[in-house]
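Beneath this line is the structure, given in structure tokens, with notes to follow.
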Amino acid sequence: MSLPSTMKAIEITQTGGPEVLNFKTNHPVPKPAEGQLLVKNNISGINYIDTYFRTGLYPSPKPEILGREAAGTVVGIGPGSNPYNFKVGDRVAWLGTSSYAEYSAVPAAKTVKIPDGITDETVMASFLSGLTVLTLAMETYTVKKGDWVLLHAAAGGAGFLMTQVLKSIGAKVIGTAGGPEKVQLVKSLGADVVIDYRSEEGKDWVKKVKEATGGQGVDVVYDSVGKDTWEGSLEAVKRKGMIVWFGNASGPVPPLPLPKLSPKCVKVARPTLFGYIEQREEFEFYVNELFKLLQSGQLKVKVHHVYPLEQAAQAHIDLEGRKTTGKILLKP
């Protein structure tokens, strides 16, 4: 297969706002090393974590191409062994780095073939987010039927999927969202209580959580907002409950004084997806769980918008401005 030497890509050379996302038309096409595949990306996922690398909240070497996931076609295989039997032409989804580009050299160990009947867009609307949700609900805290769960940002990329997963388990879900449209969306997914934190009534969302749970609080809080919600999350969790912080949409949680956990014997977790899927067997287990949910129709996806590659900066503006519901995607 004849490949070009250059490609379109979004490159950043320094940290900053969306304006540092530079659209390039002559970026070199990478060459796959041992253990890597070269993938021509058809659709890339945009995740909130991308903004952390852009701003420097999560340090990373610059220059870099952002993006942690994409779906596309294998067009090259690195030298050495090929333990997962990939072939040129395979339709795949992958986790790694540098997906805001036409081509990416990606780890074969974090790449899977996409089953027939699932579109690239469906996979990208649920891949990194869906795997995150499944690990949070199955491992970080094992959600059981009847558990009360508080889910912040329930209309977001992960929240949209997690509400469905929690309800499929039989949990009682309290979701927070900003604005009537997002509230209606979360209600349509089956959430038992939805709190509009932007409304006058919803500003005291801790009180609403306590009312819904008969004053007890929730068994577990899933909090991807961080700075703005962490104190309320500590109030809203029940005695011997758990708080799972897995994002920093409003900024990182400040240093946590451990004595704050003592009165209610609260447990705290700060997981990351990649810690749960380090081994190939773990990765395949969660991918297979995700694909089963998609194929059976138990898990619905929502694509807010597909942005052309050159509009990556606008995509970040919309994401950080909380103007999106479900997943936003990038078309290289």
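Do we have VAL123 as more than 21 Å from MET242 (Cβ to Cβ), aliphatic (A, V, I, L, M), in contact with a Phe, Trp or Tyr (Cβ under 9 Å, 6 or more places away or on another chain) and crowded, with 24+ Cβ neighbours inside 10 Å here?
Details: more than 21 Å from MET242 (Cβ to Cβ): yes; aliphatic (A, V, I, L, M): yes; in contact with a Phe, Trp or Tyr (Cβ under 9 Å, 6 or more places away or on another chain): yes; crowded, with 24+ Cβ neighbours inside 10 Å: yes.
For VAL123, the condition - more than 21 Å from MET242 (Cβ to Cβ), aliphatic (A, V, I, L, M), in contact with a Phe, Trp or Tyr (Cβ under 9 Å, 6 or more places away or on another chain) and crowded, with 24+ Cβ neighbours inside 10 Å - is met.
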Practice task
For the stretch 33-52, indicate whether the set of residues that are surrounded by 16 or more Cβ atoms within 10 Å (Cβ to Cβ), assigned to a loop (DSSP other than H, G, I, E, B) and polar (S, T, N, Q) is non-empty.
Solution key: yes
Exercise for the section: Read through the list (1) in contact with a Lys or Arg (Cβ under 8 Å, 6 or more places away or on another chain); (2) in the same structural domain as THR324 (by TED's automatic domain parsing), then give the number of the only condition that VAL88 fails. Expected result: (1)
Handout entry: Some residue of the stretch 281-290 being in contact (Cβ under 8 Å) with a residue 60 or more places away in the chain and in contact with a Gly (Cβ under 6 Å, 6 or more places away or on another chain)
Key = yes
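With the requirement that a residue be among the hydrophobic types (A, V, I, L, M, F, W, C) and either in contact with a Pro (Cβ under 8 Å, 6 or more places away or on another chain) or surrounded by fewer than 17 Cβ atoms within 10 Å (Cβ to Cβ) (or both), what does the stretch 313-329 give you? Show your work before the answer.
Of the stretch 313-329, the ones among the hydrophobic types (A, V, I, L, M, F, W, C) are 313, 315, 317, 319, 328-329.
Result: ALA313, ILE317.
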Exercise for the section: Please state which one of LEU189, LEU150, LEU134 is in contact with a Leu (Cβ under 8 Å, 6 or more places away or on another chain) and crowded, with 17+ Cβ neighbours inside 10 Å. Expected result: LEU134
Problem - Filter result for GLY76 (more than 25 Å from GLY297 (Cα to Cα) and either within 15 Å of the chain's Cα centre (by Cα) or among the basic types (Lys, Arg) (or both)) - result: no
Handout entry: Among the candidates GLY67, GLY80, GLY76, residue that is assigned to a loop (DSSP other than H, G, I, E, B) and over 20 Å from MET124 (Cβ atoms)
Key = GLY80
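Here's the yes/no breakdown for (1) of a type in the set (D, E, K, R); (2) touching a Phe, Trp or Tyr at 6+ places or on another chain (Cβ under 9 Å):
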position	(1), (2)
GLU231	yes, no
TRP245	no, yes
ASN248	no, yes
VAL287	no, yes
PRO308	no, no
THR325	no, yes
PRO332	no, yes
Completion exercise
Counted residues in the stretch 123-147 being of a type in the set (S, T, N, Q), out of contact with any Lys or Arg (no Cβ under 9 Å at 6 or more places or on another chain) and under 12 Å from LEU161 (Cα atoms) come to 1
Practice task
Report the residue count in the stretch 102-147 for those that are closer than 22 Å to VAL218 by Cβ and part of a loop (DSSP other than H, G, I, E, B).
Solution key: 7
Practice task
Just one of (1) assigned to a strand (DSSP E or B); (2) among the aliphatic types (A, V, I, L, M); (3) over 14 Å from VAL287 (Cβ atoms) trips up ALA154, so point out which.
Solution key: (1)
Problem - Within the stretch 260-302, considering residues that are surrounded by fewer than 17 Cβ atoms within 10 Å (Cβ to Cβ) and of a type in the set (A, V, I, L, M), the one nearest to GLN164 (Cα to Cα) - result: ALA269
Practice task
Taking only the stretch 157-177 into account, find how many residues are under 30 Å from ARG280 (Cα atoms), over 11 Å from the mean Cα position of the chain (by Cα) and either modelled with pLDDT under 95 or not in a loop (DSSP other than H, G, I, E, B) (or both).
Solution key: 7
Problem - Enumeration of residues in the stretch 278-332 that are of a type in the set (Val, Ile, Thr) and assigned to a helix (DSSP H, G or I) - result: VAL287, ILE317
Practice task
Go through the stretch 48-81 and give me each residue that's of a type in the set (A, V, I, L, M, F, W, C), farther than 30 Å from SER224 by Cα and touching a residue at least 60 places away in the same chain (Cβ under 8 Å).
Solution key: VAL75
Handout entry: Test: GLY247 is part of a loop (DSSP other than H, G, I, E, B) and either of a type in the set (A, V, I, L, M) or more than 19 Å from ALA93 (Cβ to Cβ) (or both)
Key = yes
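The values are calculated or read from the model by the stated rules, or taken from the named source; none is laboratory data. Computed from a prediction, not measured in an experiment: that's the story for all the values here. Reconstructed Cβ throughout: ideal geometry from the backbone, glycine too, with neighbour counts over all protein chains shown.
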